[in-house]
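The values are calculated or read from the model by the stated rules, or taken from the named source; none is laboratory data. Here the structure is a predicted model, which is why all the values come from computation and not from measurement. In this analysis, Cβ positions are derived from the backbone assuming ideal geometry, glycine residues included, and neighbour counts consider all displayed protein chains. Just the protein is used for accessible areas: all its heavy atoms, side chains included, with ligands, DNA and RNA removed. Shrake-Rupley method; radii C 1.70, N 1.55, O 1.52, S 1.80 Å.
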Amino acid sequence: MFSDGSLSVMELVRFSPAGRLHDRRAEDWQWWEVLRATAWTPSDWMDVDTTFASCTYAGSRALAGESSDHGSIGWVALTRDADHNTLEWIAVSCSSNPFTEVTLDATTVTATSTLGRIWTFPRNTPQQVKITGDPTYPWPSPCQTGGPAS
């Protein structure tokens, strides 16, 4: 959701290379926009009520956390760091797990999830987020994830 009230609903599709179907480090992700709306009426609300991380930079603030609705829901937001913390945008993922770290600079908001993923959002086009594996995450071996033994 963007500060102008518009909404973009996107589906995140996971791809795995042949021979590495169960190796989460080899995954590649692609966004598919399934809905864009400039006017809409919500039929239900989701709480984005737990903040785990915050970072400020040049009059802006990035925040990250989880929804109390379900443990797999994480969110990242960019606000103007003024008296009213005006929302620039918020991204909510139903399967990212919570975001526990966030950084902000002149061009990007970067958030790390408890699922071992780093989400890098361009500040002005957050829908073009890139997701990569966190090299410090304790990834299981393919044998532990049901993949072929090596």
Do you know which residues across region 87-115 are crowded, with 17+ Cβ neighbours inside 10 Å, small (Gly, Ala, Ser) and either modelled with pLDDT of 90 or more or in a loop (DSSP other than H, G, I, E, B) (or both)?
SER96, ALA111, SER113
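Inspect region 58-69 for any residue being within 15 Å of the chain's Cα centre (by Cα), under 27 Å from TRP32 (Cα atoms) and at pLDDT below 90 and give the result as yes or no.
Checked against the condition, which is being within 15 Å of the chain's Cα centre (by Cα), under 27 Å from TRP32 (Cα atoms) and at pLDDT below 90, region 58-69 yields at least one hit.
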Report yes if some residue within region 79-86 is among the hydrophobic types (A, V, I, L, M, F, W, C) and at pLDDT 85 or above; otherwise report no.
no
Determine the pairs where a residue that is free of Cβ contacts under 8 Å to residues at least 40 places away in the same chain, located within region 76-101, has a partner that is surrounded by 19 or more Cβ atoms within 10 Å (Cβ to Cβ) and not in a strand (DSSP E or B) with Cβ atoms under 9 Å apart, the partner being 6 or more residues away or on another chain.
ALA77/VAL48; ALA91/PRO126; ALA91/VAL129; CYS94/SER67; CYS94/ILE73; SER96/ILE73; ASN97/ILE73
Selection from region 35-57 of residues that are modelled with pLDDT of 70 or more and open to solvent by 90 Å² or more (accessible area, probe 1.4 Å):
ARG36, THR38, THR41, PHE52, TYR57
